[in-house]
Structures are given as structure tokens and as C-alpha cells.
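Here's the structure we're looking at; comments come further down.
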Amino acid sequence: MIEAQQLVKRFHDKKRGAVCAVDGVSFTCRPGQVYGLLGANGAGKTTTLRILATILAPTEGTAVVAGYDVTKEPRKVRSSVGFLSTATALYGRLSAREMVEYFGRLHGVEETVLQRRIDELFGRLEMNDFRDRRCDKLSTGMKQKVSIARTLVHDPVVMIFDEPTLGLDVMAARTIVRFIRECRDSGKTVIFSTHVMSEAEKLCDRIGIIHGGKLLAEGTLSELRERYGPRDLEDIFVKVVEA
Amino acid sequence: MSLRNIGIVYRKELTDSLRDRRTVISMIVVPLIVMPLLSVGALVVFARMVGQAMKEVPAVMILGGEDSPHVRAELERLTDVRIVPTQLDYESEISNKQIRAAVEIPEGFEAKLAAGDPSTVKIYMYENDLKSGFGADRLQGFFRELRDRTVREHLEARNLPQSLVRPFDIEKKNVAPPEKVGGAVLGGLVPYFIILLCMTGAMYPAMDLTAGEKERGTIETILCSPVSRTHLVLGKFLMVLTASIATAALSLLSMAGSFGIAKTLLTGVAPASADSALHISITGKAIVSIFFIVSPLAVFFSAALLATSLFAKSFKEAQSYISPLMVVIVLPAVAALLPGVELSLPLALVPVLNTSLVGKEIITGTYHWGYIALIFGSSCAYAAAAIAIAVKLFQREDVLFRT
């Protein structure tokens, strides 16, 4: 479960001065549900998700993730979250197995459990052919699989994806989409950000449209259609943003 | 404070760094191969050059002296110079290194000697040319001996005692053991190299583990883990410290070995002055003491470099911050090598310079325990401050996510 409550994030930028990247964002995302945060570049998606993953601290407001407050118990939040984005790269000089092992240990997974889980994940994601290959020698698709295994190694109850398919080819993107669905089906709480409308339409149970740091509209796709008129999500998005 | 988490981060960083070519070069290859080659190699080459120059029988030219046949004949009988036929363009001959020196015997030299009239013998040489210097020295030696002999003969002829012109002798006695004399010459270089290598050993891992992580996009990955940022930075810091200390330890070992090799290579080859410089013996006690005194400096370097590199967005940017820092570190280390710069209370508080100075003393076998304690204490304080800054910076979002 994720409950964002009036999240605000301000920071100082040399060129732009004081910037409010997230401005009073509130929403709820339930287990077994995929919540899509839809917005253009610079809308505040990444900052919101980084706050939920406790990589950034909110200036105001708070969020409760998996029952833990992001401002009060950030380490417990991180223990319950799997965070994947295009910015979360792999250690090139570690092998696929070493990479996943490292994060399992950092999450405090007990050694025998860790080895069992790694074997299971590597089998499920068909990674055994390259388990001992260095990450910098892997293809984009292979790297994505290692990242997925890294986020799942501690069996988190909440998954946060920040534009996970950005820059990926069709096959690698499909792996990610399939993985998000599997997470939802296994009862995890899933939030993901994108600016690709088709992806949001395919995957999301609820959609939040974010622009200029504010959450302008929120609901299921049918609720949004009902409220704003057009059938197409792209048209709904434009209508909301321009309004 | 979870030592387990720090240990996990440290082990991963160690594995990662040992697979990084740049770190391995700065941590292992430079102290074990490059520094001995540069320091001892240069010394061996120089000593061999000096030795060869001394072995050469220099070609010299006699100008004038036709009316002083005895002096000329004596010069021609010398075995440590080779007299070549006189030519008018002796200066260009010296410049072109065809001959090493020339001596001009003034007109009526022998007659003036007999009469006790003053005269001047001129020796022509090429300043700063080693072989020319040796040629001129031998000629000067001959004429100095001739002058002394002439004085003796004049005194005997007048029945005067020798002590008239030399009423007493002055004798300088060295009380310093040979290793201390050598230590004064080369001892300062040892801590200087160790400090320098401590810094270079820490440099690449510090940049790689901070700016390098930002550049490769792994910083956000690691920040997703539940490990606290303090534990993360301490794990990274320990890795940088390992690299720094390993570099220093390997450089100490390689220097001890290199001096042994240099001594063997130069025995009987080098001139006496170089021999005394090589009489530097690095004792086990000195090695342990230097290591002890340099260790807080290694901590200071590791933390300072980590904090500095953390500001950078990329490896390249980190290099541009650290290069000027290198000068700031090297200058005080070099200052300790300057003659007359001695340990004093104010200097004992100047980071780097204090360690370099006390290291120089330790190498020569002098242990000022008061200064050693003060320097160790002050270095620990600087190191603690640098670690605190690094930890603090690692908590700052504007530093970690600088765009």
C-alpha cells in the first residue's frame, strides 16, 4: 500500500532559482494494483517516485509505504520496496550473480535463503546462461533481467518503476511490462511512471496525471473518460494538462 | 553502527576496485614497478655516468709554456690526463667536447716561480660539464701540488720552517654514522615518496567510488538499498583507505628492496659521495614507525579525496578537482626536503609537512617522541574531520544528485 499525503519537494537550482518539483501530491495505491503516474518530462514523476523510495526526502508532507512513514522510517521503507528505473544501473565489474547477491545481503536476506532465491529468480528469468558474466558484457535485455532480479531479491511488497522502458528495444520493454503484470498478479503494490500513453493504457488500474509538480487528475481509465470525454488517453492527458 | 553492513559494502567495493585497471595500476604497479624504476633507476644511471666520467682519462691541451720546459714535461708525464697537441681554437674544442680542458701557462712561468714573482695559471673548462670538470680538477690538482712544492723549496732555501706558512692544521671530524649521513641526503625522499603514493593510491578509488558511480548511474541503485548512507560512505572510505595503505606498504617494501639492489649495482662503481648517500639503511623499526605516522595521513587523504570527488558529476570533473589538490599536498611534502626546514612546534601542526619532516628524522634514526605524538594526534584530528565531512556530504541530496 502507498499513501502519498500532500507531498512537496522544493529545491534550489542555479539557473532557475527556487523550484517546486512536487507540489502537494496525494494519492493512494493498493496491493494488487498498478498505479500509473503519467506526465511529460519535468512534470515531477521521478521526484515523486524518489520520495516514495526514500532516495529524496520531502520538503513537506509525507507518504506511508508498506506501512512505514518515508520521513520517519526510511530504512524500513527501502527494505519493503523494489525500485527500478533507467537511472538505476548495474555495477559493470560485478557478475550478474554477484550483483544480485550484493543487494540481497544489503537487504539482510539470510545466506541460505538468498542462494535459494537467486537460483529461483535466475531460473524464472532465464538468466542462468549469463549468471557469471560481468554486467558490462551483457546486452540491454540481459541487463534488464539482472535489474529485475536485483529489485526482487528481497521479495518486496511494493514495486516502484520510474519510466522503466525508456530507451529499451521492443523485446526488452516487453520483458519489463510482463514483469510489472506479474508483480501485480502476485499481490504487490505497483506504481510506475511513464509518458508513453499506450503503456499506461495497457498496464494501469489507476492513473494519475501529473503536470508542473501537481497531480491534476486521478482515477481509473474509465473514470477519466467519463470525467473528461475523449476515449483516447492521450487526448484526455492533453485536455487535463491544457486546462 | 552496523559493522556487518559496512563490511558488505567494503567487500563489494574491494572486489569491484581490484577489477578496475586504473586502481590496480595506482595501487600495485606504480609502487612496485614505476617508483623504484624512477627513483633507484635514475640514481643508478647517474652514479654510473659519474663513475664512467671519473674513469675516463681526459684529453687536455697545454697553451704556452714553451719557456717552462720542466713544468710541461711534468704535465706530459701525468697518467690521469692525456695531453693533446695545441690548437688555437681550444675554446671551441672544449665546447665541442673534443677536449675536456686546457691550461694556459703564463710567459716566463718557471723563471717567475724561481724568483718568487706572482703569476697566474688559467684553466679553461666547460662549466657544468661533468667530464670537463674532472679534467679541470686534475689540472688544478697538479698546479696546486706544484705551488705547495715551490713554497716548500723556497722555505728550505731560506732555512725557514714549513710551519711558517701553515702554522696549524684544521681537521673536520664527522660524528654522524654513515647511515645518518646517507639519510640526510636521501632520507627525506623516502617519506616524500610514501606520502605521494599514499595520495595517488587513494585517488583513483576515491573518484571511482563516488563520481564514477554517479557517471555510471549506480549511485541511485545503491541508495535504494536499506543500508544507511553513513554505512555506505564508511564502506567506501575503508576501500579507499585500503588502496592508500596498500600503496604505501608496497612502496615501502619496494623502496627497501630497491635500495638493496642499488647498493649492489653501485658497489665500486659510484663515486664516494654517492656511496655515502647509499649508506641509508631502512631498519624494521623505521618502517613500522613511518607506517604508524603515515597511517592517519592515509585516513585524511582517503576521506578528503572521497569528499572532494563526491562533488563531481563525472570522473573527469573529479580529476579536475583533485589535480590542484595534488599540488596542495605535494608542496608541503616537498618543502620538508628543503635544507634548513626542521621540525618545530608550528610546523608540527601543518598537515603533510609535519609527517614528511618527522619521517625524514625517523629514517635517519632520530625519534623525537614528543613531536611524533603531537604529529600523530594532529593528523588523527584532521583525519576525523575529513571523515565527518565526507559522511555529512553523503547525506546531502544536492551533492548526490547534482545536475
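A few notes on this one:
- Screening A:GLN33, A:GLN5 for residues that are touching a Gly at 6+ places or on another chain (Cβ under 8 Å), on the phi < 0 side of the Ramachandran plot and of a type in the set (S, T, N, Q) leaves exactly one candidate, A:GLN5.
- Screening the range A:18-46 for residues that are within 14 Å of chain B (Cβ to nearest Cβ) and more than 18 Å from A:THR62 (Cα to Cα) and picking the one that is farthest from the chain's Cα centre (by Cα) gives A:ALA18.
- Note on the range A:67-88: residues that are part of a helix (DSSP H, G or I), crowded, with 23+ Cβ neighbours inside 10 Å and more than 7 Å from chain B (Cβ to nearest Cβ) amount to 1.
- Residue count, the range B:71-103 (criterion: assigned to a loop (DSSP other than H, G, I, E, B) and charged (D, E, K, R)): 4
- Sole exception among (1) at pLDDT 85 or above; (2) surrounded by 15 or more Cβ atoms within 10 Å (Cβ to Cβ); (3) out of contact with any Gly (no Cβ under 7 Å at 6 or more places or on another chain) for B:ILE293, by number: (3)
- Test: residue in the range A:89-108 that is outside any helix (DSSP H, G or I) and touching a residue at least 60 places away in the same chain (Cβ under 8 Å): yes
- Hits in the range B:354-403 - residues which are of a type in the set (A, V, I, L, M), modelled with pLDDT of 90 or more and buried (at least 17 other Cβ atoms within 10 Å of the Cβ): B:ILE372, B:LEU374, B:ILE375, B:ALA383, B:ALA386, B:ILE387, B:ALA390, B:VAL391, B:LEU393
- When each of A:LEU37, A:LEU52 is tested for being open to solvent by less than 30 Å² (accessible area, probe 1.4 Å) and touching a Ser or Thr at 6+ places or on another chain (Cβ under 7 Å), the lone residue that passes is A:LEU37.
- Here B:ARG11 does not fit the description of being open to solvent by 80 Å² or more (accessible area, probe 1.4 Å) and in contact (Cβ under 8 Å) with a residue 12 or more places away in the chain.
- For the range A:17-50, filtering for residues that are touching a residue at least 40 places away in the same chain (Cβ under 8 Å) and in a strand (DSSP E or B) leaves 14.
- Count of the range A:214-227 residues, restricted to those that are touching a Lys or Arg at 6+ places or on another chain (Cβ under 8 Å) and either open to solvent by 50 Å² or more (accessible area, probe 1.4 Å) or under 20 Å from A:VAL22 (Cα atoms) (or both), is 4.
- Within the range B:111-227, helices (runs of 4 or more DSSP H) holding 3 or more residues that are within 14 Å of chain A (Cβ to nearest Cβ): B:189-209, B:211-216, B:219-223
- From the list A:ARG184, A:ARG134, A:ARG150, A:ARG174, the one residue that fits, being among the charged types (D, E, K, R) and in contact with a helix residue (DSSP H, G or I) (Cβ under 6 Å, 6 or more places away or on another chain), is A:ARG150.
- Given (1) of a type in the set (A, V, I, L, M); (2) over 18 Å from the mean Cα position of the chain (by Cα); (3) closer than 25 Å to B:ALA384 by Cβ; (4) at pLDDT below 85, index of the condition B:ALA272 fails: (3)
Listed here are the residues, each with its yes/no results for (1) open to solvent by less than 70 Å² (accessible area, probe 1.4 Å); (2) modelled with pLDDT of 85 or more; (3) under 36 Å from the mean Cα position of the chain (by Cα); (4) over 30 Å from A:TYR91 (Cβ atoms).
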residue: B:ILE6; (1), (2), (3), (4): yes, yes, no, no
residue: B:PRO36; (1), (2), (3), (4): yes, no, yes, yes
residue: B:ALA42; (1), (2), (3), (4): yes, no, yes, yes
residue: B:MET54; (1), (2), (3), (4): no, no, yes, yes
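- Filter result for A:VAL153 (in contact (Cβ under 8 Å) with a residue 40 or more places away in the chain and hydrophobic (A, V, I, L, M, F, W, C)): yes
- Residue list for the range A:178-196, restricted to those being within 21 Å of A:LEU224 (Cβ to Cβ) and surrounded by 18 or more Cβ atoms within 10 Å (Cβ to Cβ): A:ILE180, A:ARG184, A:THR189, A:VAL190, A:ILE191, A:PHE192, A:SER193, A:THR194
- Per-region count, the range B:8-23, residues part of a helix (DSSP H, G or I) and at the interface with chain A (Cβ under 8 Å from one of its Cβ atoms): 5
- Number of the condition not met by B:LEU250 [criteria: (1) in a helix (DSSP H, G or I); (2) of a type outside the set (Asp, Glu); (3) buried (at least 22 other Cβ atoms within 10 Å of the Cβ)]: (3)
- Scan of the range B:328-344 for residues that are within 17 Å of B:TYR371 (Cβ to Cβ), of a type in the set (A, V, I, L, M, F, W, C) and without any contact (Cβ under 8 Å) to a residue 24 or more places away in the chain, ordered by number: B:ALA335, B:VAL341
- Odd one out for A:ALA53 among (1) closer than 20 Å to A:MET159 by Cβ; (2) out of contact with any helix residue (DSSP H, G or I) (no Cβ under 8 Å at 6 or more places or on another chain); (3) facing chain B (nearest Cβ under 9 Å): (2)
- Among (1) on the phi > 0 side of the Ramachandran plot; (2) within 14 Å of chain B (Cβ to nearest Cβ), the one test that A:LYS15 misses: (1)
- Residue in the range B:145-162 that is closer than 22 Å to B:GLN52 by Cβ, without any contact (Cβ under 8 Å) to a residue 24 or more places away in the chain and open to solvent by less than 60 Å² (accessible area, probe 1.4 Å) present: no
- Residue ID - surrounded by the most Cβ atoms within 10 Å (Cβ to Cβ), chosen from residues in the range A:94-150 that are charged (D, E, K, R), in contact with a Leu (Cβ under 7 Å, 6 or more places away or on another chain) and more than 10 Å from chain B (Cβ to nearest Cβ): A:LYS145
- Some residue of the range B:57-72 being hydroxyl-bearing (Ser, Thr, Tyr), within 30 Å of B:THR264 (Cβ to Cβ) and open to solvent by less than 60 Å² (accessible area, probe 1.4 Å): no
- Applying a threshold of 9 Å to beta carbon distances and a minimum spacing of six or more residues, or different chains, the list of pairs starting in the range A:216-243 at a residue that is on the phi > 0 side of the Ramachandran plot and ending at one that is open to solvent by 60 Å² or more (accessible area, probe 1.4 Å) reads A:GLY219/A:GLU226; A:GLY219/A:ARG227; A:GLY229/A:ASP235; A:GLY229/A:LYS239.
- Pair list, Cβ < 8 Å and 6+ apart or interchain, from the range B:309-327 residues that are free of Cβ contacts under 8 Å to residues at least 60 places away in the same chain to residues that are part of a helix (DSSP H, G or I): B:TYR321/B:THR308; B:TYR321/B:SER309; B:TYR321/B:PHE311; B:LEU325/B:ALA304; B:LEU325/B:LEU305; B:LEU325/B:THR308
The values are calculated or read from the model by the stated rules, or taken from the named source; none is laboratory data. In this text, all values refer to a predicted model and were calculated from it rather than measured experimentally. Here the Cβ is made from the backbone with ideal geometry for all residues, glycine too, and neighbour counts use every protein chain on show. Note: accessible area is taken over every heavy atom of the protein model, side chains too, but ligands, DNA and RNA are not part of it. Shrake-Rupley method; radii C 1.70, N 1.55, O 1.52, S 1.80 Å.
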